[in-house]
Amino acid sequence: MRTKHLTLREPTSEDAPFILELVNSAGWLKFIGDRGIHNLEAAQGYIAQIRKDHKTHGFGLLVMEKTETRQAMGLCGLLQRDYLEAPDLGFAILPEFSKQGYTFEAATQILESERRKGKHRSILGITLSGNNPSKALLRKLGFEESSPVCDPKTGDKNLLYTKKLTSDHES
């Protein structure tokens, strides 16, 4: 999948150093949490899980890569969580690429692709109440805040956002 500036693709084993850097970046640790990925082997395991999600659900996280330089900058895509009735949009970007519009560009393309497929009436977004950049991005993408939701694995109370992909008169 391509946008004006980005190539969005499934991660490969060659992405392990990038994944290791991303999941240990300050923003990831603060707002997503330590996932115990502290070496290249663990990063490979995380990549394998992402690829499994793509096979199982037909969607998953994608590497956001600058088309011009082929540099991996972040992850963006849909996740299916057991406790949510619809997929949710997940995203994270290395700090040196944040606030440049790349995540908005990637998310817009992913949401439009899902809208065209017609499989989901809505997409969700979850974030911690203190994650102002994520809340702002979700609102900019057209998500509306709904009732909070509790993550049964972590006990974290998250804000829940919803974006309709179809209008009420579409089936």
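Just so it is clear, none of the values below were taken in a lab; they were calculated from the coordinates. Keep in mind the model is a prediction, meaning the values are calculated, not measured. Note that we place each Cβ from the backbone using ideal geometry, even for glycine, and neighbour counts take in every protein chain shown.
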Filtered hits (lysines, Cα-Cα < 24 Å from residue 140, offset >= 8 within chain) -> 4, 30, 66, 99, 117, 119, 157, 163, 164
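Let me have the relative contact order for the range 6-164, percent, based on Cα pairs under 8 Å that are six or more residues apart.
Averaging sequence separation for qualifying contacts and normalising by length gives 17 percent for the range 6-164.
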Net charge of neighbours whose Cβ lies under 14 Å from the Cβ of residue 20, counting Lys and Arg as +1 and Asp and Glu as -1:
-4
So for the pair residue 14, residue 40, with labels modelled 7 Å out along Cα→Cβ, what separation do we get in nm?
1.4
Between 20, 134, 73, whose Cα lies farthest towards the positive end of the dipole of the range 6-164 when Lys and Arg beta carbons carry +1 and Asp and Glu beta carbons carry -1, centred on the Cα centre?
134
Using +1 on the beta carbon of Lys and Arg, -1 on that of Asp and Glu, and nothing else charged, what's the dipole of the chain about the Cα centre, debye to 20?
360
Zone residues, the range 8-48, relative to residue 129, backbone N less than 18 Å from point 7 Å out along Cα-to-Cβ
31-32
Between residue 69 and residue 139, Cβ-based FRET efficiency (R0 35 Å, step 0.05) works out to 0.70
